[in-house]
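Here is the structure we will look at, set down as structure tokens.
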Amino acid sequence: MRIREPLLYEQYIGQFLTDEEVLERSQEAMLDGAQEGQAGGGGSCGLANLLLNSYQERLIQNRLQEEQDREDGAQEEDEDDEDDGVQQRGWEPTAEEKALLREEFISQMHQRFLDGKDKDFNYSEVDDNPDYDNLDIVSRDAEDKYFDEDDDEDEEEEEMEKDDDEENMAQ
């Protein structure tokens, strides 16, 4: 999620990480790469994963900087209108508040995904794939369609009988 929305991650989680937590996150990424390299059967994979993790971190930082610059530009325009955009830098959240911020971040990311706003995901692969359809809903729709067609046929028959009755009365 940090890769997909680095600015949102930074606002909710990253800015409140201690130096130890940042270092721990970096070490976990390196260990993950090293374990993948060992599982793959060679030490060169560990180095390759380390390089990939480093490159990925640099991409995240570049994307974060671009998003911050965009937001700073938008805030400068807003500051001309109002001064409410100033953040409190001295505030440090408690562990409970950090957990709530993390939950809010995850909730927002889930909702963005469900709303189709995840730029890195090809939604058409899922939307157009019948293997992912809910079979209960599909069968219910088929039943509804069948009964709707049956109702339409009954209405047409009733109208024909009514027309025939009217013609018989007219004669």
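Here are the numbers for the structure shown:
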read-out: Condition met for residue 59 (at pLDDT 80 or above, closer than 25 Å to residue 105 by Cβ and open to solvent by less than 60 Å² (accessible area, probe 1.4 Å)); value: no
read-out: The lone exception for residue 107 - which of (1) open to solvent by 80 Å² or more (accessible area, probe 1.4 Å); (2) part of a helix (DSSP H, G or I); (3) of a type outside the set (A, V, I, L, M, F, W, C); (4) at pLDDT 85 or above it fails; value: (1)
read-out: Selection from region 12-22 of residues that are surrounded by fewer than 17 Cβ atoms within 10 Å (Cβ to Cβ), modelled with pLDDT of 80 or more and in a helix (DSSP H, G or I); value: 15, 16, 19, 20, 21
read-out: Hits in region 113-171 - residues which are hydroxyl-bearing (Ser, Thr, Tyr) and either open to solvent by 80 Å² or more (accessible area, probe 1.4 Å) or at pLDDT below 80 (or both); value: 132, 146
read-out: Any pair with Cβ under 7 angstrom, 6 or more apart, that starts in region 121-135 at a residue that is under 20 Å from residue 111 (Cβ atoms) and in a helix (DSSP H, G or I) and ends at one that is small (Gly, Ala, Ser) and open to solvent by less than 80 Å² (accessible area, probe 1.4 Å); value: 123/116
read-out: Residues that are open to solvent by 30 Å² or more (accessible area, probe 1.4 Å) and not acidic (Asp, Glu), drawn from region 1-11; value: 1, 2, 3, 4, 11
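The values are calculated or read from the model by the stated rules, or taken from the named source; none is laboratory data. The structure displayed is predicted, hence computed values, not measured ones. Every residue, glycine among them, receives a Cβ derived from its backbone with ideal geometry; neighbour counts consider all protein chains shown. Keep in mind that these areas ignore ligands, DNA and RNA; they rest on the heavy atoms of the full protein, side chains included. Shrake-Rupley method; radii C 1.70, N 1.55, O 1.52, S 1.80 Å.
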